[in-house]
Amino acid sequence: MDPCIVEKDLCIVALVGESMKNHQGISGKMFSTLGKNNVNIRAIAQGASERNISVVINEKDVKKALNTLHERFFEDNTKQLNLFVMGVGNVGEKFIDQISQQKKFLKENLKINLRVIAMANSRKMVFDEEGINLADWKAKLDQGETANVSHFIAKVKDLNLRNSIFVDITANYEVAGIYDQFLSQNVAVVTCNKIACSSEYNNYKNLKNLSRKYNAPFLFETNVGAGLPIIDTLKHLIASGDKVNRINAVLSGSLNFIFNNFSETYNFHDVVKEAGVQGFTEPDPKIDLSGVDVARKILILIRESGYEMEMDDIANNSFLPKECMETTNNDDFFKSLTKHASHFDNLLVEAKAKNSRLKFVASFENGKASVGLQFIPSDSPFYNLEGKDNIVQFYTDRYVDQPLLIKGAGAGAAVTASGIFADVIRIRNV
């Protein structure tokens, strides 16, 4: 006789119904629903009457399992999405406003019950398992506990809610480094933070693999082009068997805004300041002006096109003087822009002499990538790119002579927030 093994901390969940044997797919629906929410089934039993399907699961998953099954079988296919939002600054505030505005529409028309379970900024964080009242979320956050990334992660795991989504609206390295801890717990990740997807290639691939392994969506449409459907379009191209051979793009809404407004009467220092006030630049504007931000974006497009590349492989032809690049804080950086005003004025004079406009362009072809300031002639589709717009040209096996072109607003809090919101909504159908 084999020895008897006792396992503890388990429970039984039963689905009971009359004439279940006459309805196809009941058990499949039950198992797939639990599986999608990372509820591990330890044992299965079905009675002779076929009125009962029972499963043994971990006790810690019982609440998630019951809520998930109830939602699947009895809630008219309404899906509850539970959001854990980190970063409620300029873009984050717009995102919360959009949720508040659309909450009723989503429930009535798309069968989505959207709840914000947690919010955090650099100082405070607040949790409410029943959903934070968005009418006074700022006051609730101000009264919250001291922000701590480790405690935030532990709380998300402890709540163990179905359809959990971690939303990163920061530009923080530490936050970008915790995605794996969420994905491996079946918590989806939606992010506008470009750091993770432009980190070492092995880390990027690991996050994608964890997403597939644990059925946890990892969406980052707003990494490139804010609310523009650039990455989504690229994914469809690759999935349909097309191959990207060349990319030309203006990927910085902030730099496009800056060079479109820089003139003899509007000096470079002031227009960079204004771009920050408008929310077009990163908190550290040197990230934009140094070309690092654009390099991250083209790297993400290259990787999503199926190529392996590292950040160091991209040639960055910076237009900033060395002293500007070596500053360590924003005050010194802006002082250096004033000190080197003649350098920027000379670029403007040269552009006018060539009947060209200044654009910061990212390129990829034949396995090589570069970013840098270019003098764009009047016959280029990049020449008339106004305001904070982005433009991307994909040359593929199918789009050979005339590229697939995507163009539109590529910066700003509202459009970036809408792109994050769209990624959240996509998870409804996963």
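The values are calculated or read from the model by the stated rules, or taken from the named source; none is laboratory data. Only a predicted model underlies this, so the values are computations on that prediction, with no experimental measurement involved. Positions of Cβ are backbone-derived with ideal geometry, glycine not excepted, and every protein chain shown enters the neighbour counts. Ligands, DNA and RNA are stripped out before the accessible areas are found, and what is left, the full protein with its side chains, is counted by its heavy atoms. Shrake-Rupley method; radii C 1.70, N 1.55, O 1.52, S 1.80 Å.
Which residues, taken from segment 243-294, are aliphatic (A, V, I, L, M), touching a Leu at 6+ places or on another chain (Cβ under 7 Å) and more than 22 Å from Val392 (Cβ to Cβ)?
Scanning segment 243-294 gives a single hit, Val272.
A quick yes/no check of all residues on (1) in contact with a helix residue (DSSP H, G or I) (Cβ under 7 Å, 6 or more places away or on another chain); (2) open to solvent by 40 Å² or more (accessible area, probe 1.4 Å); (3) farther than 27 Å from Ser336 by Cα; (4) touching a residue at least 12 places away in the same chain (Cβ under 8 Å):
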site	(1), (2), (3), (4)
Asp168	yes, no, yes, yes
Thr191	no, no, yes, yes
Asn209	no, yes, yes, no
Ala216	yes, no, yes, yes
Ile230	no, no, yes, yes
Asn245	no, yes, yes, yes
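Identify the single condition in (1) under 30 Å from Thr281 (Cβ atoms); (2) surrounded by 16 or more Cβ atoms within 10 Å (Cβ to Cβ); (3) out of contact with any helix residue (DSSP H, G or I) (no Cβ under 8 Å at 6 or more places or on another chain) that Lys64 does not satisfy, given that it satisfies every other one.
(1)
Can you name the condition, by its number, that Ala275 falls short on among (1) open to solvent by 20 Å² or more (accessible area, probe 1.4 Å); (2) part of a helix (DSSP H, G or I)?
Going through the list (1) open to solvent by 20 Å² or more (accessible area, probe 1.4 Å); (2) part of a helix (DSSP H, G or I), Ala275 breaks only (1).
All but one of (1) touching a Lys or Arg at 6+ places or on another chain (Cβ under 7 Å); (2) open to solvent by 100 Å² or more (accessible area, probe 1.4 Å); (3) modelled with pLDDT of 85 or more; (4) not hydroxyl-bearing (Ser, Thr, Tyr) hold for Pro3; which doesn't?
Result: Pro3 passes all but (1).
Pick from Tyr173, Tyr179, Tyr204: which is open to solvent by 20 Å² or more (accessible area, probe 1.4 Å), within 24 Å of Leu301 (Cα to Cα), among the aromatic types (Phe, Trp, Tyr) and under 19 Å from the mean Cα position of the chain (by Cα)?
Values: Tyr179 fails: open to solvent by 20 Å² or more (accessible area, probe 1.4 Å); Tyr204 fails: open to solvent by 20 Å² or more (accessible area, probe 1.4 Å).
Of Tyr173, Tyr179, Tyr204, the one residue that is open to solvent by 20 Å² or more (accessible area, probe 1.4 Å), within 24 Å of Leu301 (Cα to Cα), among the aromatic types (Phe, Trp, Tyr) and under 19 Å from the mean Cα position of the chain (by Cα) is Tyr173.
Within segment 40-55, is there a residue that is β-branched (Val, Ile, Thr), open to solvent by 80 Å² or more (accessible area, probe 1.4 Å), outside any helix (DSSP H, G or I) and closer than 21 Å to Val13 by Cβ? Working first, answer last.
Within segment 40-55, the first condition is being β-branched (Val, Ile, Thr), and the residues that meet it are 41, 44, 53, 55.
Narrowing the set further to residues that are open to solvent by 80 Å² or more (accessible area, probe 1.4 Å) leaves 44.
Keeping just the survivors that are outside any helix (DSSP H, G or I) gives 44.
Of the ones still in play, those that are also closer than 21 Å to Val13 by Cβ are 44.
Yes.
Output the qualifying pairs, or none if there are none: Cβ atoms under 8 angstrom, residues six or more apart or on different chains, first residue in segment 328-357 and on the phi < 0 side of the Ramachandran plot and small (Gly, Ala, Ser), second residue open to solvent by less than 40 Å² (accessible area, probe 1.4 Å) and part of a loop (DSSP other than H, G, I, E, B).
From segment 328-357, the pairs are Ser336/Pro321; Ser336/Thr327.
Of the numbered conditions (1) modelled with pLDDT of 95 or more; (2) crowded, with 20+ Cβ neighbours inside 10 Å, Val415 fails exactly one; give the number of that condition.
So the condition that Val415 fails would be (1).
Results for (1) under 23 Å from Leu183 (Cα atoms); (2) over 20 Å from the mean Cα position of the chain (by Cα), shown as yes or no for each residue.
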position	(1), (2)
Glu71	yes, yes
Gly87	yes, no
Val91	no, no
Asp97	no, no
Phe105	no, yes
Glu108	no, yes
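Need pairs with beta-carbon distance below 6 Å; first residue within 24 Å of Val6 (Cβ to Cβ) and within segment 38-58, second part of a loop (DSSP other than H, G, I, E, B); sequence gap 6+ or separate chains.
Final answer for the pair search is Ile57/Val39.
Just a yes or no: is a residue in segment 86-108 under 22 Å from Val175 (Cβ atoms), surrounded by 19 or more Cβ atoms within 10 Å (Cβ to Cβ), free of Cβ contacts under 8 Å to residues at least 40 places away in the same chain and not small (Gly, Ala, Ser)?
No; the residues of segment 86-108 include none that is under 22 Å from Val175 (Cβ atoms), surrounded by 19 or more Cβ atoms within 10 Å (Cβ to Cβ), free of Cβ contacts under 8 Å to residues at least 40 places away in the same chain and not small (Gly, Ala, Ser).
Inside segment 284-321, can you point out the residues that are open to solvent by 50 Å² or more (accessible area, probe 1.4 Å), charged (D, E, K, R) and in a helix (DSSP H, G or I)?
Asp312, Asp313
Does Ser240 satisfy the criteria of being surrounded by 15 or more Cβ atoms within 10 Å (Cβ to Cβ) and under 24 Å from the mean Cα position of the chain (by Cα)? Quick ask: steps written out before the conclusion?
Values: surrounded by 15 or more Cβ atoms within 10 Å (Cβ to Cβ): no; under 24 Å from the mean Cα position of the chain (by Cα): yes.
The answer is no for Ser240.
When you go through Phe360, Phe394, Phe333, Phe375 one by one, which is the residue that is hydrophobic (A, V, I, L, M, F, W, C) and open to solvent by 10 Å² or more (accessible area, probe 1.4 Å)?
Numbers: Phe360 fails: open to solvent by 10 Å² or more (accessible area, probe 1.4 Å); Phe394 fails: open to solvent by 10 Å² or more (accessible area, probe 1.4 Å); Phe333 fails: open to solvent by 10 Å² or more (accessible area, probe 1.4 Å).
Result of the check over Phe360, Phe394, Phe333, Phe375: Phe375.
Helices (runs of 4 or more DSSP H) wholly in segment 191-265 with at least 2 residues that are farther than 19 Å from Leu289 by Cβ and acidic (Asp, Glu) - which ones? So that I can check it myself, show each step before the final result.
Working: elements: 201-213, 230-239, 253-261.
Where helices (runs of 4 or more DSSP H) fall fully within segment 191-265, none carries at least 2 residues being farther than 19 Å from Leu289 by Cβ and acidic (Asp, Glu).
Considering only segment 9-23, how many residues are exposed (fewer than 10 other Cβ atoms within 10 Å of the Cβ) and either in contact with a Leu (Cβ under 7 Å, 6 or more places away or on another chain) or at pLDDT 90 or above (or both)?
1
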